[in-house]
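Following: one structure in structure tokens, then a few remarks.
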Amino acid sequence: MIRARVLAAVLVVAGVAAIAVGHHYRPAAEPPRSMPSSPAVARSAASSAAAASALTRGDLLPTSPPTRVRIPALRVDEAVTGLGQNPDGSMQVPTDAHTVGWYTGAPTPGALGPAVLAGHVNYKGADGTFARLSTLHPGDQVEVTRQDGITAVFTVTDVDRYAKDRFPATAVYGAIDHAGLRLITCGGDFDTRTGHYTDNIVAYAELRSTE
Amino acid sequence: MTFRRALLTAPVVATLLLATPTAALADESVQVKLLELNHSGASGTATLTATDRGDLRISIRSRGLVPNSPHAQHLHGSTAGMDFHCPDMSADRDGNGYVSTEEGMPVYGDIFVSLTTAGDTAKASGLAVDRMPVADASGNLRYDRTIAAADLPPGTVEHLKDLHIVQHGVDADGNGKYDMAGLGESTLAKSAGLTGIPEEATDPALCGMVSGAAAGSVPVGGVATGDGSTRDRAAVWYGTGGLALLAALGIVVVTRRRSYVPSRNQR
């Protein structure tokens, strides 16, 4: 009788612990799916039409590739590698869960234009560096250290979710009048047939200061 | 043997290629806004794209230019970190109401690349009007050319954002063409040894400054940043926890019943 009670107590403790662990691993909350007409585009178009004398907005750094990215709100501090394109024209992705990739076909972080960093949400059984990217809020900081030793400090302006087959190429890769940053990972449902997530999470940020 | 070695080394090389940042420089596409100079009434946009091979693709769309006339056009500026920009009318030192090319140069810099339609693109081709694009009857001008990396001055791609596009050719007297009657003979052309070229043909009409930048090559579709491998982890833990609690409940119920039933029989 006592043995059964002990077993029940152990099971209760184990069950609660397991649920706590599950809660710890729960998927990050995600923003609702947006349509490709992002507010980021409208904003930059509006401001570039404004002043003729100053056609660009904010601080701009010269070209220098990124080496490290820090996102205090997500406790992220990771090395950055270069990413090109796959033979099919899609963007390469990092070969491990932790390293963050900088897309070399776009400007460097801190220079005029959209710099693009991609990281896994999960990969080969491990949570990726960008596992909780969808929980970033406008105002959160993203710090990118560059080869020239300068750290470009960005603040998040928007976090959106898009269906991959309606990826907003213009909003993410298109022309902007300031030094911008886009952080990309996966989200939405997982399609077990293709082995891919159906959506991408994109966090948009703007250069605020340099260190 | 060699085949086997190739089999072994290929993945190593591939891994190295993937591991190191593939390019020190970003491909980028620089947007230029062409603003009117000398009250030309013209406007335009241009895109300068550095390709991954180091070539420079130039695309210019202007309107409101002198129709059916060639418009000399160049990249002005320097890669030496000089702070050149587009001039305003205060650059008109001789006060004739027009900023000439000579008056503009201290502000926007010397010719860096001549944007000819064919052949040489060096500074020496700056006045090669026979190889400059011609505006159509409505004054619209379209220009598209890719200049090979080998034909670009060193540092062009790295300093794209420091360069300015200038398009020349105004119609001062409003007669729809370049002639001596407008502003006389071009002193710039004359100093280069070309006589009989009207000043109207060489005075700048548009000057472009960088207004934005985009990715140089846009990847296809979304980004495959996840394999779903930890996606079910929470569900598995929740499930396990739930089962454990259920089992505990089961044990409690069973032991309660067992302890209850005998006590009833005893009575």
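Computed from the Cα positions only, the extents of the stretch B:72-221 along the three principal axes stand at 55, 33, 29 Å, in decreasing order.
Per residue, the protein assembly as shown reaches -7500 deg cm²/dmol at 222 nm when only DSSP H runs of four or more residues are counted, each adding -39500 (n - 2.57). Hydrodynamic radius of the stretch B:47-135 by the Kirkwood approach over all distinct alpha-carbon pairs: 14.6 Å. Note on B:Lys161: aspartates and glutamates with a C-alpha under 16 Å away, same-chain residues under 8 apart excluded, are A:Asp59, A:Asp177, B:Asp27, B:Glu28, B:Asp55, B:Asp83, B:Asp110.
In summary, the lysines within cross-link reach of B:Lys177, defined as a Cα separation below 24 angstrom excluding same-chain residues under 8 places away, comprise B:Lys190.
Distance distribution P(r), the stretch A:102-211, all Cα-Cα pairs, bin width 5 angstrom from 0: 2, 12, 22, 24, 19, 12, 6, 3, 1, 0 percent. Translational diffusion coefficient of the stretch B:88-168 (Stokes-Einstein, Kirkwood radius from Cα pairs, 10 °C, 1.306 mPa s): 109 µm²/s.
Using Cβ contacts closer than 10 Å as the measure, can you line up B:Val113, B:Val254 from fewest to most?
B:Val254, B:Val113
Once you mark the trypsin sites (Lys or Arg not before Pro) that are in a DSSP loop and have at most 13 other Cβ atoms within 10 Å, what is the longest gap between them in chain A? With trypsin sites (Lys or Arg not before Pro) excluded where exposed in loops, chain A gives A:1-74 as its longest stretch. Legend: helices of chain B (whole DSSP H runs) are marked when their alpha-carbon atoms reach 15 angstrom or more along the helix axis and their mean Kyte-Doolittle hydropathy is at least -1.0; marked are B:2-19, B:233-266. How far is helix A:39-48 tilted, in degrees, relative to the longest principal axis of the Cα atoms in chain A, given as a value from 0 to 90 rounded to the nearest 10? For A:39-48 against chain A, the angle is about 20 degrees.
When the Gaussian network model of chain B links Cα atoms closer than 10 Å, the mean-square fluctuations of B:Gly193, B:Gly41, B:Gly216 top out at B:Gly193.
Using the count of nearby Cβ atoms within 10 Å as a rough guide to exposure, how do A:His98, A:His23 rank from fewest to most?
A:His23, A:His98
Ratio of Rg to Rh for chain A: 1.09 [Cα atoms; Kirkwood radius as inverse mean 1/r over pairs]. To the nearest ten degrees, helix A:2-24 and the longest principal axis of the Cα atoms of chain A are 10 degrees apart.
Using only C-alpha positions, report the orientation-averaged shadow area of the convex hull of chain B, nm², one decimal. So the mean shadow area of the Cα hull is 30.8 nm². Each principal axis of the Cα atoms in the protein assembly as shown has its own extent, and those three values, largest first, are 129, 62, 40 angstrom. Listed from fewest to most Cβ neighbours within 10 Å, the set A:Leu11, B:Leu163 follows the order A:Leu11, B:Leu163. Other residues whose C-beta falls under 14 angstrom from the C-beta of A:Leu11 contribute a net charge of +2, scoring Lys and Arg +1 and Asp and Glu -1.
Just so you know, all these numbers are worked out from the coordinates, no wet-lab data involved. Every value quoted in this text rests on a predicted model; they were computed, and no experiment measured them. Heads up, the Cβs are rebuilt from the backbone with ideal geometry, glycines too, and the neighbour counts pull from every protein chain shown.
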